[in-house]
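All remarks here apply to the structure that follows.
Bear in mind these aren't lab numbers, they're just calculated from the coordinates by the rules spelled out. Bear in mind the structure is a predicted one, so any value in this text is a computation, not a measurement. Heads up, the Cβs are rebuilt from the backbone with ideal geometry, glycines too, and the neighbour counts pull from every protein chain shown.
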Amino acid sequence: MPSGFYDVGPLSQIAVNLFYGWGYNFYRQENQLRADDQLIRAQVGTLLQQARAAVESAESDYRRQFIPPPSRAQPRPDSQAVANAQTLEKLSRDIGALDGQIRALPVPENDRMTQRYRNEAETLAKLAQIDQQLTGQAELLRQMLAGKDGPWIIENKPGIAEGITAITETLRARQSVLLA
């Protein structure tokens, strides 16, 4: 006597009903886009962590090179060297703050209300385009900072600040998509 455990049609219907009852169906395009969004944001965070590590390394080397330990001849460090080291420290914090914001970004919820009032797949596709831009910007920033020393970073601070500003503006654009 055949059991229902091998009848594909009814089993498929049971599974789909359960998935919808649970509020999740991993075969839907929206769920794939949501997972891709989370993966992309994690990778962008990794790129920003690498950029931050480059700045922190440059800061450490800069302090070692330009801010010697106090001596009788020079009890206080050069104020310009201290200001430059603080500039490097602030850049590192700014990049770290961007990383934190990106990792905490929301995606549209997978619930019936969202599905009713918003075309979720379209919203997630827009987010994917923005995330693509965000990835490119983070990689450019990482490449710009990789292997650079403190004096180079300080000298090119306007370009680095422009990159940080561009990433911040992209994050705002992403948030406006979710609020629309």
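What the table below lists for this structure:
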{"quantity": "Residues of type lysines that residue 90 reaches as a straight line, Cα spacing below 25 Å, ignoring anything fewer than 8 places off in the same chain", "calculated": "148, 157"}
{"quantity": "Ranked 107, 82, 55, criterion: other C-beta atoms within 10 Å, fewest first", "calculated": "82, 107, 55"}
{"quantity": "Length-normalised contact order of the range 27-179 in % [C-alpha pairs under 8 Å, at least 6 apart]", "calculated": "38 percent"}
{"quantity": "Taking 169, 30, 89 and counting other C-beta atoms within 10 Å, the order from fewest to most", "calculated": "169, 89, 30"}
